[in-house]
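Take a look at the structure below.
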Amino acid sequence: MNRINNQIIILLCGSALTGAAISLIVPYLSIYLSRNTNLSPSLIGLIVGAAPLASVIGGFLGGAISDAIGYKKVMVLSLIFDMLSSICFVSLTGFWPLFIVNFIGGMARMSFSPAEQSMLMLLTTNEDHRDKVLGHSYTAFNIGYVIGMLAGSTLANLSMKAMFYGSASVILVYLFVLLFFVDNKNVETGHKLVTPMKKLKDSIIAPFSDGRLLLIICGGILFNFAFCQITTSLPLNMSNVWGREGVHWYAYLIITNTLLVISIQIPVSKILSGSYILMISAPLTLLSSFVVFALKASIGIYFSGIVLYTCAEILSFTGVQRVLLMLSNSRNKGGYFGAWSFRMLGNFFGPSLGIFVMEHYSFRMLCVICSALCIASILCYMLSYGMNRSTRSDRSLWSAE
């Protein structure tokens with residue numbers, strides 16, 4: 001039992017390293033391309049957008065393949081490809097090579113996530129603690145992300161290429177730890193790992209034959225479409241209203257968001273019960289944040305909106321993880337967690353369409369549209385709940401589950 005607990009701690013520390021490796025590069029990627037290539041802004045946007053598109057494919061395939069061949073193998077391969085993509089990126093200048101390498105990196109990063117989450121769940125033999133472990137992993141990732149952003153800003157002033165080598169170095173450290181300190185033996189259930197199923201076909205079909213999951217994915221796409229506007233359209237709006245000062249204030253909003261996630265995510269997940277109720281509360285809270293953002297272009301109001309936005313983020317993560325745990329079983333967790341990556345379609349289409357609406361109409365109109373999408377997301381989640389309730393005699397979904 002201590003052995004498994006130690007492995008959980010290693011994986012949680014790995015979540016922090018993963019967050020640091022990603023934030024060393026991703027926030028500064030467009031700046032690097034604008035300074036070190038002759039590509040147009042539109043082509044740079046396509047290169048940056050390759051990663052969210054790739055994450056849709058990588059997340060699902062990574063989850064499905066991990067169910068078939070084992071979680072550790074997929075995690076190791078994902079880290080290797082992510083590390084290689086970081087190293088290769090700095091030696092390329094053409095559009096297509098950069099697009100392909102960033103696409104591969106995006107696939108690798110997202111394929112790692114469902115395999116890691118599934119492995120954590122199988123190592124956590126007490127089912128009551130599983131959502132808490134996922135919460136700790138999410139918090140560790142955010143802590144690493146903040147550290148990586150700070151380190152990235154420092155390295156960017158020295159050499160932007162150093163950010164990519166720094167990210168590759170962090171990945172190499174985690175790869176070494178994963179290879180030599182995390183056990184991959186398939187043994188009996190109980191206090192040890194469960195053998196992943198070996199049929200890739202079953203792992204791919206299982207999630208998409210579950211109507212409850214498909215409705216959750218549809219709701220997630222709509223939710224993410226609205227959710228990503230806070231990191232794309234909102235800073236542009238603040239820049240248009242307040243100029244450079246708006247950019248600085250936006251940085252404080254994001255810092256507030258990150259600090260709130262780190263400080264209250266674990267306590268909230270411990271205090272709040274329920275699965276579907278938390279998931280449904282997320283788009284409702286996000287809707288409230290857009291109502292606040294639409295009221296007036298005021299720094300104080302925007303800080304109130306970011307608090308609601310953060311609550312929506314925490315509710316969504318906690319609720320969805322609990323629902324996925326409830327719907328899946330020990331043989332197809334990777335497939336279910338991987339299928340959830342299709343929500344990233346919202347992140348892919350959201351920025352461009354959101355900015356289009358804001359430029360041709362107004363930021364307030366964008367808030368209205370996003371509020372409508374949140375309502376549609378709520379309906380999808382409620383339909384999934386109704387379908388789940390009709391197939392289960394247990395009516396405690398709104399409480400204990």
**Prompt:** Which is in a helix (DSSP H, G or I), touching a Ser or Thr at 6+ places or on another chain (Cβ under 8 Å), assigned by TED's automatic domain parsing to the domain that holds T318 and closer than 21 Å to T318 by Cβ, of M344, M358, M382?
**Reply:** M344
**Message:** Would you confirm whether or not region 317-326 contains a residue that is assigned to a loop (DSSP other than H, G, I, E, B) and either of a type in the set (D, E) or under 23 Å from G58 (Cα atoms) (or both)?
**Reply:** no
**Request:** Among the residues of region 147-173, write down those that are modelled with pLDDT of 80 or more and over 15 Å from I25 (Cβ atoms).
**Result:** V173
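Results for (1) closer than 26 Å to T37 by Cβ; (2) surrounded by fewer than 24 Cβ atoms within 10 Å (Cβ to Cβ); (3) not assigned by TED's automatic domain parsing to the domain that holds G334, shown as yes or no for each residue.
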site: G58; (1), (2), (3): yes, no, yes
site: A64; (1), (2), (3): no, no, yes
site: A68; (1), (2), (3): no, yes, yes
site: K73; (1), (2), (3): no, yes, yes
site: V76; (1), (2), (3): no, yes, yes
site: M83; (1), (2), (3): yes, yes, yes
site: G105; (1), (2), (3): yes, no, yes
site: F112; (1), (2), (3): no, no, yes
site: T125; (1), (2), (3): no, yes, yes
**Complete:** Per the filter on region 7-37, residues farther than 15 Å from S137 by Cβ and free of Cβ contacts under 8 Å to residues at least 24 places away in the same chain are S30, S34
**Asked** What residue, of V133, V146, is over 24 Å from A50 (Cα atoms), among the aliphatic types (A, V, I, L, M) and outside the structural domain of G338 (by TED's automatic domain parsing)?
**Response** V133
**Request:** Considering only region 144-171, state which residues are closer than 20 Å to M119 by Cβ and among the hydrophobic types (A, V, I, L, M, F, W, C).
**Result:** V170, I171
**Message:** surrounded by fewer than 24 Cβ atoms within 10 Å (Cβ to Cβ), without any contact (Cβ under 8 Å) to a residue 24 or more places away in the chain and not in a loop (DSSP other than H, G, I, E, B): is that true of S304 in this structure?
**Reply:** yes
**Item:** Residue, surrounded by the fewest Cβ atoms within 10 Å (Cβ to Cβ), within region 1-28, restricted to residues that are among the aliphatic types (A, V, I, L, M) and modelled with pLDDT under 80
**Value:** M1
**Message:** Regarding region 286-298, can at least one residue be identified that is at pLDDT 85 or above and within 16 Å of the chain's Cα centre (by Cα)?
**Reply:** no
**Prompt:** On the given criteria, is G63 part of a helix (DSSP H, G or I) and at pLDDT below 90?
**Reply:** yes
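Residue-by-condition table, conditions (1) touching an Asp or Glu at 6+ places or on another chain (Cβ under 6 Å); (2) of a type outside the set (D, E, K, R); (3) surrounded by fewer than 24 Cβ atoms within 10 Å (Cβ to Cβ):
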| site | (1), (2), (3) |
| --- | --- |
| M279 | no, yes, no |
| L325 | no, yes, yes |
| G350 | no, yes, no |
| R364 | no, no, yes |
**Item:** Contacts under 6 angstrom Cβ, first residue in region 161-184 being in the same structural domain as Y28 (by TED's automatic domain parsing) and buried (at least 19 other Cβ atoms within 10 Å of the Cβ), partner assigned to a helix (DSSP H, G or I) and acidic (D, E), 6 or more apart
**Value:** I171/D82
**Asked** When you scan region 229-265, how many residues do you find that are buried (at least 16 other Cβ atoms within 10 Å of the Cβ) and not in a helix (DSSP H, G or I)?
**Response** 0
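The values are calculated or read from the model by the stated rules, or taken from the named source; none is laboratory data. Not measured: the values here are computed from a predicted model. FYI the Cβ positions are ideal-geometry reconstructions off the backbone, even for glycines, and counts take in every protein chain you see.
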